[in-house]
1. Among all residue pairs at least 6 apart or on different chains, which show Cβ distances below 9 Å where the first residue, located in the range B:157-172, is more than 8 Å from every other protein chain (Cβ to nearest Cβ) and free of Cβ contacts under 8 Å to residues at least 40 places away in the same chain and the second is part of a loop (DSSP other than H, G, I, E, B) and within 14 Å of ligand 2 (Cβ to nearest atom)?
2. Going residue by residue through the range B:179-201, is there one that turns out to be within 16 Å of ligand 1 (Cβ to nearest atom) and more than 10 Å from chain C (Cβ to nearest Cβ)?
3. Test B:Gln93 against the criterion of being open to solvent by less than 30 Å² (accessible area, probe 1.4 Å) and either away from ligand 2 (no atom under 16 Å from the Cβ) or among the charged types (D, E, K, R) (or both), and give yes or no.
4. Among the residues of the range D:97-133, count how many are over 27 Å from D:Phe158 (Cβ atoms) and surrounded by fewer than 18 Cβ atoms within 10 Å (Cβ to Cβ).
5. Take B:Arg136 and decide whether it is without any contact (Cβ under 8 Å) to a residue 40 or more places away in the chain, within 16 Å of ligand 4 (Cβ to nearest atom) and touching a helix residue (DSSP H, G or I) at 6+ places or on another chain (Cβ under 9 Å).
6. For residues in the range A:1-37 being modelled with pLDDT of 90 or more, touching an Asp or Glu at 6+ places or on another chain (Cβ under 7 Å) and buried (at least 21 other Cβ atoms within 10 Å of the Cβ), which is farthest from A:Ala110 (Cα to Cα)?
7. Tell me which residues, restricted to the range A:113-135, are part of a helix (DSSP H, G or I) and within 9 Å of chain E (Cβ to nearest Cβ).
Amino acid sequence: AEPLRVAAASDLRSVWLALSTEFKRHTEIEVSPSFAASGKLSQQIEQGAPFDVFLSADQDFVERLQAQGLTQGTPVQYTRGQLGLWVREDSRIEHLHQLGERLQGKLVMANPRHAPYGMRAEEVLRGSGQWEQCQSHLVLGENVAQAAQLVISGEAEAALLATSYKDEVAGGRWLTIDPGLHRPLWQVGVMLHTERRDAAQQWLDFLLSEPAQVIFRQRGFLPLDSAPSRPDQVAGQP
Amino acid sequence: MQNPPDNDALLRARLQASLGAFQLDLNLQLPARGISVLFGASGAGKSLALRALAGLEPRVSGDVQFADEVWQRGRHWVPAHRRRIAWLCQRAQLFDHLDVSGNLRFAAGRHAASDSGEVDIGRYAEVCGISHLLSRRVGRLSGGEAQRVALCRALLSRPRYLLLDEPLSALDSAARLALCQLLRRLASDEALPMLLVTHSLDEVERVADQVIVLTAGRNQPRLSLAEAMAAPDIGLQAPGELAAVFDLEASAQQDEPDLLRLQIGQDAIHIPWRGPRPDRAVRLRIAARDVTLWPQLPPLSSAQNCLPLQVERIVDGTNPAMRLVIGRCRDGRRLFARITRAAERQLQLTAGQSVFAQFKAVALL
Amino acid sequence: MQNPPDNDALLRARLQASLGAFQLDLNLQLPARGISVLFGASGAGKSLALRALAGLEPRVSGDVQFADEVWQRGRHWVPAHRRRIAWLCQRAQLFDHLDVSGNLRFAAGRHAASDSGEVDIGRYAEVCGISHLLSRRVGRLSGGEAQRVALCRALLSRPRYLLLDEPLSALDSAARLALCQLLRRLASDEALPMLLVTHSLDEVERVADQVIVLTAGRNQPRLSLAEAMAAPDIGLQAPGELAAVFDLEASAQQDEPDLLRLQIGQDAIHIPWRGPRPDRAVRLRIAARDVTLWPQLPPLSSAQNCLPLQVERIVDGTNPAMRLVIGRCRDGRRLFARITRAAERQLQLTAGQSVFAQFKAVALL
Amino acid sequence: MIGLSPAEWSALKLTLWLALSTTGLLLLLCIPLAGWLALGRSRVRAMVEVLVALPLVLPPTVLGFYLLLLLGPRGPVGQAAAALGLGPLVFSFKGLLIGSMLYSLPFAVQPLLDGFRSMRRELLDTAASLGAGPIERFFRVVLPLSRPAVLSAALLSFAHTLGEFGVVLMIGGNIAGETRVMSIAIYDAVEAFDFAEAHRLSAWLLGLAMVCLLAIQTLRRRQQARDGGTDQ
Amino acid sequence: MIGLSPAEWSALKLTLWLALSTTGLLLLLCIPLAGWLALGRSRVRAMVEVLVALPLVLPPTVLGFYLLLLLGPRGPVGQAAAALGLGPLVFSFKGLLIGSMLYSLPFAVQPLLDGFRSMRRELLDTAASLGAGPIERFFRVVLPLSRPAVLSAALLSFAHTLGEFGVVLMIGGNIAGETRVMSIAIYDAVEAFDFAEAHRLSAWLLGLAMVCLLAIQTLRRRQQARDGGTDQ
Ligand SMILES: Nc1ncnc2c1ncn2[C@@H]1O[C@H](COP(=O)(O)OP(=O)(O)OP(=O)(O)O)[C@@H](O)[C@H]1O
Ligand SMILES: Nc1ncnc2c1ncn2[C@@H]1O[C@H](COP(=O)(O)OP(=O)(O)OP(=O)(O)O)[C@@H](O)[C@H]1O
Ligand code: MOO
Ligand SMILES: [Mg+2]
Ligand SMILES: [Mg+2]
């Protein structure tokens, strides 16, 4: 059969192989991902892109699609993303709050206009009063994966990335960011208008299953129960 | 410069153009038979006129009519490819991407069943002397070879009229002679009329039936070849090259072996000849510089011909030291003799005097 | 076909090439003075030879030496732009992006201070008859005009040697005559040697000092013009066009007004002439067909010249009806007469016999 | 290291197929179009020439954006196509083909125009006087003599399509087997930090490219040798 | 609706500046290069020609990826540049310029090659026999006669740079005023659902494009009229 077409936020790249292998072992169903920034994916879905399932890094985009009647069933929150600060070995930065003063090179993050990780990074910088100082150092990736990849050139001194990229971005140090500094990055999945409802549902169910949750936790995602279920009232709201 | 309307003209054209300082204003009446030659100095407008007749020159306005077809009048315009003429320009414009036979087939394919096309190609290639070049790529031809291929291709397109712009100037004299003969044969046997541009008086003499002289974009009325050769003032001849040209019938009577007797009124001219008597008129050229005048019938010499001549007038030639005697044969045809002033004094020549013109005659074609 | 080594040769070349079925194998020894003519049928290899001498033909191997400079030998090769020759190819290769004067300046700028360059341009444009075209774009020239511009440009590059490939074939006879005179003047006054390719016997007679005949890629040793004109077997002449060419000194003695006396041994030839006595030798052409033979001194006629002649031999001409008499003047020069078989019988000509050759003479240049 | 996975194979095949069909269709379309622009006599030619050149100066993202709006299910073209039962145009091979053709149009037209315009006028005049009408002149004289231009047009549009990224990203998405061409696959591999895959795919593209280019060069050289005999 | 915000202005200026400097530098580089490829006699020409054509077939993402590796501070080129005190090459205008030039190289070389190669051999021979050496022949004969080819090369590389997206995305980093060119800005706007901005930016680009193209056409036409006198 045709593989299940999944539009997936780019922070899922690092867990994808493990997830899809596990899923296939249980169900014999192939999943074929198309990664991009969540904003871009939702925009493509609005234009009629033929996906069966949408996995967004932020629930706003899902709600937008829901409002236009482009989804089926209820969206599922299956895990929560986490933002981390990566700094190069030679950087003097030891804490998020030193960014504004000590940053000399480039600061890489995802584009806040359409990538949820970018939006949250902006929130963190604004909330800590460092947004203006960091402006001239900003280098934007089209999505969080591209941002991570820009780091490999070695030109960036620091980067605000998903902690799920810990394995890929080798070298340097990772500094934690208090998840309370930004709205939570709820990873939300939703079924789109598709004839393959069964498979899509199985996939969404699978994401909530224990084997999947283990994979998420191992790769730097936060456990499902680690935060309030409604992420509305958070500091740093723009 | 106005021609009287000419009722047996096949191709009539009034052409006007103004290119920078150059003004073209032609009135051409080209007959349905024979070879017309357009003669004129470099830059006189010959090529431009040919292009206009071929339908290739939007800068030239005017009227062009071919038999009953109006080719150009006001905004009406028959495009070149519908005129069914062939135009050969000064440079052999061969198609580089085809070999010689491909170039020929380009023209031959159009108006013939493919079989007869192939036959034609062989035949015309033979007469144009390019049979050995058929599979050659055109980039590998010499200048003269390319020119012969272009001519052959033009002939193969089965045109109703040929417009030839200096087609023979890159050829050696043997090839030139052969192609002159070919053109004459086409003009008479296949009744293909043509207009030929050339700078070579030799070609004019060999092939022309009519001559149109162009001077700075204007033409004089057309003249027969004999008239043109006899007109000292139209610039056809190179300095001192005035000549009489006669088309004469061969007589059945043979006075001597190896000599052909040509009848000129009651007199005869003998030319060296071997082989059967020709069935068409023979063209003779008698240049003024070849004619010697005698006060009485000269004694025996190797110059075989002697005609009684009445001196009509004596004029200055282009060479200041020379005088030109214009005389009439007994049948009224004009003959010229170019003599020195010294000879004029010694012979005490005057108009009306009877003399003998001695010359050698050789057929032109 | 081997030339003996020629010590006054300026340009010596042995050229070999093999293009398809065509084989080139030349041994050229070109003298430091005068005009050499390369003569041969279409496709004989003339253009190829010129290109090779100019340094433009990598397909041709061999040795080329100019005075002391080795231009080509084995892998050694002086590129064209360092040979300081000018090469004029069969088609005027003008630069479209420049106007006429731009084209001339392209060549003139190189070897002269810019002032004298401008002066030269004016002077050469004048002699080439293109002064009125200087500001014209080259796309708007007629065929002959373009050819004259190209020739002028070649002259302006101040070459040490000129290689000319049919430079005059697109010109009308007046322009051709003028340029022939220009070439001769350049060759003698400015001591510019040149090699000229032409198909026109007329041009050969007017300008040549030496003639090299090419047949199917091979050359015969070079001949002086007189030798070449006198050789019936080298194909220089059109059928029946054999002629003697003499360069004769004018004598101070004037027998008649308007006549120039030229000395040929103890005899004299008179030619029509006005103006001062020329200070260099005058070139005369006496075609075999213009000569009439007499058993004894002929009576008075308008043909002013008569030389005693001893018949050397009588041979067949290309025309089967004609015979060619080869005779010697009293100073040993050869003269030819073309007579009919009938005349031969009537005159009962035999070798060794003394006759009189009567002809009109006109200077060629 | 060197072999390609089935998914990678399908990206490679897709890319080649897209580039080939774009090039083929473009040549079919542009040869007459450029012929008309270069040799025709109509007044509207100038206008059309500018229109044809427009995609030159539009970034692929602009093109992609408007194509998305036009071809999408709400766009006029998309709706017309749906009405005709042609299926969706965006996020499908058909859509990519349309996008690539538009995007590469000027890269096919420009060399053709240059080639056709450099035709010597007297050559065409000669052909006309031999009885060849404008169509025949075009196909039997202009076109064969413009082989280098046609080759360049094909090469440039093939290459431009191979290298197409922005348009594909906008209207193709990243759908395996349908719109995931090599440029996207490599981008994807890089983002996934699968540099080994990125290198492998790049190596394949490079190898293919070398083969194509060498083939073209040999072709040209042979052509030249045949025509002129004077190349060295 | 029609005015541009300062940020948008800077994107527009950046784009034009990038396209202009890329085109200018490319012409300076490619005219001699193409001249040598078309008219030289060296054996290595064939090899170099293939190398020069390579970027044709490489998707911008491949190019961008390897440039990122090469130009970064750990890459050989980046280290060399740093040693020369040239400052960082990635995420900077300099880097974009290098990327654009590489990316558009074949689009400048190809039309020039076509143009130079169509030069009649006898014309060059004539120039040589008049004493002009290879360099002078090239600059005084070949180049002026190849004006249409130079124009095409400039047009194609200008356009190709304007439309550059993939390479910029990979090595540019979307820095306002430094590397955020129009194609990126429009992409951003579309992805952010800001269609009004996308339309506005596109309209500006379109307008500019029309002006340029019309100017070029007028230029060409005038040229032709002056040269031939027989255009209609
Ligand atoms: N590549 C080639 N392959 C075969 N034959 C060739 C090639 N190139 C030239 N030739 C032949 O070489 C010969 C010499 O050519 P060339 O141009 O030198 O002749 P030419 O004497 O100048 O003749 P023309 O008077 O017609 O200009 C010709 O017979 C031509 O057909
Ligand atoms: N665009 C133009 N502007 C000005 N004069 C022009 C233009 N085009 C042609 N001429 C002139 O028109 C005249 C006629 O040219 P044409 O080519 O018909 O001459 P031609 O009689 O064929 O001469 P040739 O014997 O040299 O070939 C020439 O004097 C030429 O200079
Ligand atoms: O939607 Mo993302 O994972 O922030 O690029
Ligand atoms: Mg002419
Ligand atoms: Mg030749």
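1. Every condition considered, the pairs that remain are B:Leu168/B:Thr198; B:Leu168/B:Ser200.
2. yes
3. Values: open to solvent by less than 30 Å² (accessible area, probe 1.4 Å): yes; either away from ligand 2 (no atom under 16 Å from the Cβ) or among the charged types (D, E, K, R) (or both): no.
No: the conditions fail for B:Gln93.
4. Of all residues in the range D:97-133, those over 27 Å from D:Phe158 (Cβ atoms) come to D:120-133.
Narrowing the set further to residues that are surrounded by fewer than 18 Cβ atoms within 10 Å (Cβ to Cβ) leaves D:120-122, D:133.
Number of matching residues: 4.
5. Values: without any contact (Cβ under 8 Å) to a residue 40 or more places away in the chain: yes; within 16 Å of ligand 4 (Cβ to nearest atom): no; touching a helix residue (DSSP H, G or I) at 6+ places or on another chain (Cβ under 9 Å): yes.
No; evaluated as a whole, the condition is false for this residue.
6. My answer is A:Leu4.
7. A:Gln135
Yes or no, residue by residue, for (1) more than 15 Å from ligand 2 (Cβ to nearest atom); (2) out of contact with any strand residue (DSSP E or B) (no Cβ under 9 Å at 6 or more places or on another chain):
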{"residue": "C:Asp120", "(1), (2)": "yes, yes"}
{"residue": "C:Arg123", "(1), (2)": "yes, yes"}
{"residue": "C:Val127", "(1), (2)": "yes, yes"}
{"residue": "C:His132", "(1), (2)": "no, yes"}
{"residue": "C:Arg137", "(1), (2)": "no, no"}
{"residue": "C:Leu162", "(1), (2)": "yes, no"}
{"residue": "C:Cys180", "(1), (2)": "yes, yes"}
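The values are calculated or read from the model by the stated rules, or taken from the named source; none is laboratory data. Please read these numbers as outputs of a predicted model, since none were measured by experiment. Neighbour counts are summed over all protein chains in view; Cβ atoms, including those assigned to glycine, are modelled from backbone coordinates with ideal geometry. Please note that ligands, DNA and RNA were not included when accessible areas were found on the heavy atoms of the full protein model with its side chains. Shrake-Rupley method; radii C 1.70, N 1.55, O 1.52, S 1.80 Å.
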